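What follows is a single structure, written as structure tokens, with notes after it.
The values are calculated or read from the model by the stated rules, or taken from the named source; none is laboratory data. Not measured: the values here are computed from a predicted model. Every residue, glycine as well, gets a Cβ built from its backbone with ideal geometry; the counts of neighbours run over all protein chains shown. Side chains included, ligands, DNA and RNA excluded: accessible areas come from the protein's heavy atoms. Shrake-Rupley method; radii C 1.70, N 1.55, O 1.52, S 1.80 Å.
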Amino acid sequence: MGKVKIEIERRITLKTFFFFIDNHFLKSDSSSVWGTLESELQKQAVNYKAEPIHNDRQVEYILKKELNNDALELKNNLVVVSVGSSTFFLEVLTKLRKISAQQIPIAFILINEKNNFANKIGVSSNPLIALKQILNSVHSISYNLGSVENSLNTDEQIFTDELIVGFRAYVTSLIKSSKFYKLLFKYHLSLIAEFCAMTEAFINQEAFSVTTRLSQKYNFFKNSFSICIKNHPFLDNEKTKEANNLQLEIITSLNPLSYWFILPAKKFNLSSKIPFIHTFEQKQIHLVINSLEFSQIDSRQLINKFYDAHLKSFTYPFWFDVDSVSLSEKNNNF
């Protein structure tokens, strides 16, 4: 038992934690949260480096410099940690995958933000507790993620939760760009704001054509209104199906009346019974949309774009021990 404890302590001591800190967060936060996190790192004598990041090009430059110069042994004991928003985390992960052929474990600490992926895998929204979950870990754990590579440009985009195209993304765009809708949210009238935005979207949204290729089979949808590609973070341990599938949902022939069938259908797992909801599960999806459409990744709005995109599910190692803290600790506010 003593030997196991010594081995665990030795492995933790050898780990180098490389913190990438979003400079936008540092400016607004006046370093109070990061100061608390850094005090904890120093208190526990953790071997770490910290870099404030002003733009995504800087992330790539620093990773190239560090990973090209460091010995393989250090790479094997390196953990990259992003501190800031979920968008910043995705930028860091995208650059890390681009620079390093070796899968270096990653972790994240979200500041003033909650997201579905962190909630699903059990990472605390309290920065200090999230740091504890990172430092308590002695091995990496792999989760599923999704990636989008559009042949119309060279950039890879990663998503932890979902990619949305069409109606739902249009509604979100209307809410975020309208002073009137923002005012309604400010005065806790979110249901009215969402209803008005959906009404506006129904009036202006035009159906669009979608082509998908799944396992060499093509599917054509002429009257599409909404597309959702969802990632499931947990690995398929059953192995009764192909592991790491993305879930594709295409909604066609949508109108204000039929829309209200969708919510109860999903709640009671009756989506497959609704003729205008088409669902598929595949590890790789080829998606073609020849019209400019609203879209968003993990609730982040994208520019209107055409799609000739290859989507795939992949696994990546994360450095968390989410069960090392109690449920009450995990839900504590900072």
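How much FRET efficiency would the formula 1/(1 + (r/R0)^6) give for Lys267 and Thr36, where r is the Cβ-Cβ distance and R0 is 30 Å, rounded to 0.05?
0.15
Using Cα springs under 10 Å in a Gaussian network model of the chain, which residue among His286, His232, His54 shows the largest mean-square fluctuation?
Most flexible of the set in this elastic network: His54.
Compute the Cα gyration tensor for the stretch 117-171, then decide on rounded, prolate or oblate, letting a ≥ b ≥ c be the square roots of its eigenvalues: rounded whenever a/c is under 1.5, prolate when a/b is larger than b/c in the other cases, and oblate in all that remain.
It is prolate, given that a/c is not under 1.5 and a/b is the larger ratio.
What is the helix-to-structure angle for 167-177, meaning the angle in degrees between its Cα long axis and the longest Cα principal axis of the chain, kept from 0 to 90 and rounded to the nearest 10?
In the chain, helix 167-177 runs at an angle near 70 degrees to the longest axis.
Roughly speaking, to the nearest percent, how much of the chain's 1.4 Å accessible area is carbon and sulfur?
Result for the chain: 53 percent of the exposed heavy-atom area is carbon or sulfur.
Under 15 Å from a point placed 7 Å out from the Cα of Asn204 along the Cα-to-Cβ direction: which residues of the stretch 154-176 have their backbone N that close?
166-176
Rg(Cα) of the chain divided by 2.2 N^0.38 Å?
My calculation over the Cα atoms of the chain gives 1.09.
Averaged per residue, what accessible surface does the chain expose to a 1.4 Å probe, in Å²?
54
Please compute the contact order of the chain in relative form: average sequence separation of alpha-carbon pairs under 8 Å and at least six residues apart, divided by the residue count, as a percent.
20
Apply 1/(1 + (r/R0)^6) to the Cβ-Cβ distance of Ser291 and Phe180, taking R0 = 30 Å, and write down the FRET efficiency to the nearest 0.05.
According to the calculation, E is roughly 0.65.
Between Gln102 and Asp323, what is 0.36 nm times their sequence separation minus the Cα-Cα distance? Round to one decimal in nm.
76.9 nm
Dipole of the chain (Lys/Arg Cβ +1, Asp/Glu Cβ -1, origin at the Cα centre): which of Asn116, Leu67, Ser100 lies farthest to the positive side?
Asn116
Only Cα pairs within less than 10 Å get springs; with that Gaussian network setup on the chain, which residue of Asp22, Asp161, Asp56 has the largest fluctuation?
Maximum fluctuation in the GNM of the chain, among the listed residues, is at Asp56.
Among 246-259, 96-109, 174-187, how do they line up from the highest to the lowest mean number of other beta-carbon atoms within 10 Å?
The peptides rank, most packed first, as 96-109, 246-259, 174-187.
Using all C-alpha to C-alpha distances in the stretch 200-334, build P(r) with 10 Å bins and read off the rounded percent in each one.
P(r) for the stretch 200-334, in whole percents per bin: 9, 32, 33, 17, 8, 0.
What residue among Pro275, Pro52, Pro317 has the largest mean-square fluctuation in a Gaussian network model of the chain, using Cα springs under 10 Å?
The residue with the greatest mean-square fluctuation here is Pro275.
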